[in-house]
Amino acid sequence: MTHSFEEIFVENTIKTNRRFMYLIFFSNAAAPLIAVGTWLKFFQISYTSCMEIFLTTVVISHFIWWLNHHKEWHEFTKFIGLLMVEILIMRLAMNASIGIYISYAFIPLFSCLYVDQMLTIIMNLIGYFALAASLYFRSFDQIAKYGSIFTARQWFLSYLMGFTIEFVFLFAITLSIVKYERELLKSLSGHIVRQVEAEQTSMVRTKFFAKLSHELRTPLNAICGLTDLLKEKDLEEESRKYVETIDTSSKAMLEIVNSLLDISKIYTDKMTIQKGPVDLRALTEDTIRLASFSVEKKIPIKLELDRSLPKYIVGDRTAFTRILLNLLNNALKYTDEGKITVRILWKDKEEDAGILHLEVEDTGRGIAPSDLDRIFEEYAQTADAERIKYTGTGLGLAVCRNYVELLEGRIWAKSGVGIGSVFYVEIPTVSTEEAPKEKTKEKFKPSFQAPEARVLIVDDKRTNIQVLAELLKPYRMKLSPCLSGEQAVELIKSGRHFDLVFMDYYMPGIDGKEATKQIHELEKDKGKKTVVVALSANPAEIICKEFEDTEIAGALQKPVNREDLNAVLEQCIDASLRSE
């Protein structure tokens with residue numbers, strides 16, 4: 001992509017050369033028109049001159065076209081094009097003086113298209129001296145033809161003086177135009193450079209967050225997966241408490257990873273919302289419990305709910321959770337004593353519609369009013385030295401703002417140093433009678449078993465294979481582990497058949513996308529391709545983007561939960577392999 005001033009300057013030179021080439025080439029149409037005019041007695045120009053104009057324009061335009069395709073001749077081509085246009089104007093003019101005057105006036109203006117100060121100066125001088133020479137030679141004709149009280153020299157000097165004054169003004173105007181054009185070009189190139197750098201930074205940052213998220217979710221996949229399996233066991237009360245603690249801690253860690261993923265999606269404009277029924281009271285209580293557990297501070301969090309608040313509203317559960325959790329985490333981080341209050345109101349009620357009004361108030365250090373406008377930016381920090389000592393990702397409030405904007409709401413804050421802060425969120429929504437689908441706490445039972453189904457699990461982390469194998473155990477399938485994309489391709493190449501392949505995306509060597517492509521390429525003559533389900537730390541819609549141009553049957557986000565896994569198996573395992 002062209003972005004530096006020099007590159008834009010060269011590109012402009014090439015384009016302007018091309019414009020003059022077309023101008024010269026199409027001016028050959030004047031030759032037959034002049035010939036027709038001569039035939040009709042409108043002009044008195046010989047047919048030889050018409051042919052001369054025609055051939056000259058064709059030859060010169062093709063010559064400029066050839067020069068323009070050679071970088072080393074770009075500068076030379078500028079002069080050729082302008083001089084040819086100047087000669088054509090003079091040649092086509094019925095009156096030579098008019099032709100010279102037109103070329104003297106217009107060629108310096110045409111030269112401004114090149115945004116080259118030296119070229120404009122040269123073309124101004126060439127036009128001026130050509131005009132002076134024309135005036136000098138025509139002065140003798142004027143005196144001889146019409147007679148005058150002036151001598152030829154006096155006639156020449158008087159006209160030259162007038163044109164010199166015009167030249168000075170034309171010279172100043174054209175140089176000012178070129179100077180302004182160069183400033184605009186430099187400004188444009190600077191803007192393009194900043195835009196390209198921002199895009200490159202965003203791309204690198206997005207890849208970094210995606211990779212970081214994957215690396216963090218890999219151990220979390222094992223922790224969350226095995227914890228879910230442990231929760232289904234018959235444990236002693238003390239052991240169950242330990243498992244619940246591990247589960248809550250891993251979910252708190254998962255929320256941090258999700259914030260990284262959210263900010264990655266913000267940079268790429270991929271953040272989306274999925275609306276459905278939400279039990280706001282239950283969601284708020286769960287989020288408060290999670291936020292309280294994630295910090296060691298014993299700051300009480302008080303919940304105040306509007307009595308008119310409907311039991312269920314329509315919204316994005318994930319978005320509501322992230323907004324409230326990030327606001328609570330922010331409040332807990334900067335509050336050392338006192339309390340935090342969460343208020344949820346139902347405002348501007350009109351039938352089922354209303355405004356969900358959320359307040360998170362703390363008694364912490366507070367924020368200077370001058371910093372309130374920038375606290376919702378990524379990585380923003382206030383100038384308060386006391387607040388700087390508190391660590392964090394710097395992403396929480398930015399994630400809140402983006403989720404609120406996606407929900408067509410607004411977010412703002414009121415605060416002052418030493419008096420605490422209040423964060424406000426207002427989101428338009430509607431109430432609903434439909435209850436959200438609750439996850440059952442009963443022991444999971446698979447919808448079918450498939451003892452004859454052969455399943456290949458491809459992942460470079462043994463713990464991920466172990467977790468997925470444990471989750472698949474109730475289905476009684478024949479499982480085969482595989483630690484690399486290369487190994488998976490070799491298994492298919494050796495003639496092994498699998499009814500389903502779970503393929504991780506991020507792997508050293510051949511990644512999941514390339515391995516899937518190679519597997520399907522090996523099977524293109526068989527008429528039936530191996531069913532592949534993609535695994536990644538990213539949400540399903542981004543996984544499908546990662547496996548773009550690759551035929552996959554489904555996608556699962558790590559940590560894998562049983563419900564999503566069961567849905568994928570229902571879709572991908574052939575009915576002939578199942579048994580109830």
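Taking the residues in the stretch 150-184 that are closer than 15 Å to Leu119 by Cβ and β-branched (Val, Ile, Thr) as candidates, determine which candidate is farthest from the chain's Cα centre (by Cα).
Thr174
Is it fair to say Glu285 is over 19 Å from Tyr403 (Cβ atoms), modelled with pLDDT of 90 or more and surrounded by fewer than 18 Cβ atoms within 10 Å (Cβ to Cβ)? Talk me through it step by step, then tell me what you get.
On the way: over 19 Å from Tyr403 (Cβ atoms): yes; modelled with pLDDT of 90 or more: yes; surrounded by fewer than 18 Cβ atoms within 10 Å (Cβ to Cβ): yes.
Answer is yes for this residue.
Taking into account only those residues within the stretch 324-357 that are touching a residue at least 60 places away in the same chain (Cβ under 8 Å) and out of contact with any Gly (no Cβ under 9 Å at 6 or more places or on another chain), which is nearest to Lys302 (Cα to Cα)?
Only one residue tops the list, namely Ile344.
For Val204, indicate whether it is part of a helix (DSSP H, G or I), touching a Lys or Arg at 6+ places or on another chain (Cβ under 7 Å) and of a type in the set (A, V, I, L, M, F, W, C). Steps first, please.
Working: part of a helix (DSSP H, G or I): yes; touching a Lys or Arg at 6+ places or on another chain (Cβ under 7 Å): no; of a type in the set (A, V, I, L, M, F, W, C): yes.
When the stated conditions are applied, Val204 does not pass them.
Inside the stretch 469-482, can you point out the residues that are over 19 Å from Arg578 (Cα atoms) and surrounded by 17 or more Cβ atoms within 10 Å (Cβ to Cβ)?
The one that is over 19 Å from Arg578 (Cα atoms) and surrounded by 17 or more Cβ atoms within 10 Å (Cβ to Cβ): Cys482.
Considering only residues that are at negative phi, small (Gly, Ala, Ser) and free of Cβ contacts under 8 Å to residues at least 60 places away in the same chain, which ones fall in the stretch 517-553?
Of the stretch 517-553, the ones at negative phi are 517-526, 528-548, 550-553.
Remaining after also requiring small (Gly, Ala, Ser): 534, 536-537, 540, 553.
Once the filter is applied, which keeps residues that are at negative phi, small (Gly, Ala, Ser) and free of Cβ contacts under 8 Å to residues at least 60 places away in the same chain, the stretch 517-553 yields Ala534, Ala540, Ala553.
Which residue pairs have Cβ atoms under 7 Å apart, sit 6 or more places apart or on different chains, and have a first residue in the stretch 12-26 that is more than 11 Å from Ile60 (Cα to Cα) and a second that is outside any helix (DSSP H, G or I)?
Short answer, once both residue conditions are applied: Asn12/Val115.
In the stretch 548-563, is there at least one residue being part of a loop (DSSP other than H, G, I, E, B), over 33 Å from the mean Cα position of the chain (by Cα) and among the β-branched types (Val, Ile, Thr)? Give the steps one after another, and end with the answer.
Let us first name the residues in the stretch 548-563 that are part of a loop (DSSP other than H, G, I, E, B), namely 548-553, 558-561.
Now drop any that are not over 33 Å from the mean Cα position of the chain (by Cα), which leaves none.
Taking every residue of the stretch 548-563 in turn, none turns out to be part of a loop (DSSP other than H, G, I, E, B), over 33 Å from the mean Cα position of the chain (by Cα) and among the β-branched types (Val, Ile, Thr).
Hey, can you tell me all the residues within the stretch 189-215 that are of a type in the set (Phe, Trp, Tyr) and either in contact with an Asp or Glu (Cβ under 7 Å, 6 or more places away or on another chain) or surrounded by 13 or more Cβ atoms within 10 Å (Cβ to Cβ) (or both)?
Let us first name the residues in the stretch 189-215 that are of a type in the set (Phe, Trp, Tyr), namely 208-209.
The one that is of a type in the set (Phe, Trp, Tyr) and either in contact with an Asp or Glu (Cβ under 7 Å, 6 or more places away or on another chain) or surrounded by 13 or more Cβ atoms within 10 Å (Cβ to Cβ) (or both): Phe209.
Give the residues of the stretch 280-315 that are of a type in the set (A, V, I, L, M), farther than 15 Å from Ile344 by Cα and over 36 Å from the mean Cα position of the chain (by Cα), sorted by residue number.
Selection gives Ile299 alone.
For the stretch 407-440, what are the residues that are of a type in the set (Phe, Trp, Tyr) and farther than 24 Å from Asp279 by Cα? Full working, then the answer.
At the first step, the residues of the stretch 407-440 found to be of a type in the set (Phe, Trp, Tyr) are 412, 423-424.
Across the stretch 407-440, the qualifying residue is only Trp412.
Quick one: would you say Leu332 is outside any loop (DSSP other than H, G, I, E, B), among the hydrophobic types (A, V, I, L, M, F, W, C), crowded, with 16+ Cβ neighbours inside 10 Å and touching a Phe, Trp or Tyr at 6+ places or on another chain (Cβ under 9 Å)?
Working: outside any loop (DSSP other than H, G, I, E, B): yes; among the hydrophobic types (A, V, I, L, M, F, W, C): yes; crowded, with 16+ Cβ neighbours inside 10 Å: yes; touching a Phe, Trp or Tyr at 6+ places or on another chain (Cβ under 9 Å): no.
Considered against the rule, which asks whether it is outside any loop (DSSP other than H, G, I, E, B), among the hydrophobic types (A, V, I, L, M, F, W, C), crowded, with 16+ Cβ neighbours inside 10 Å and touching a Phe, Trp or Tyr at 6+ places or on another chain (Cβ under 9 Å), Leu332 comes out as no.
Tally up the residues in the stretch 506-547 that are buried (at least 17 other Cβ atoms within 10 Å of the Cβ) and modelled with pLDDT under 85, please.
9
Could you tell me how many of the residues in the stretch 500-510 are assigned to a loop (DSSP other than H, G, I, E, B) and touching a helix residue (DSSP H, G or I) at 6+ places or on another chain (Cβ under 6 Å)? Full working, then the answer.
To start, the set of residues in the stretch 500-510 that are assigned to a loop (DSSP other than H, G, I, E, B) comprises 505-510.
Of the ones still in play, those that are also touching a helix residue (DSSP H, G or I) at 6+ places or on another chain (Cβ under 6 Å) are 505-507, 509-510.
Total meeting the criteria: 5.
The values are calculated or read from the model by the stated rules, or taken from the named source; none is laboratory data. The structure presented is a predicted model; accordingly, all values stated were derived computationally and were not measured. Reconstructed Cβ throughout: ideal geometry from the backbone, glycine too, with neighbour counts over all protein chains shown.
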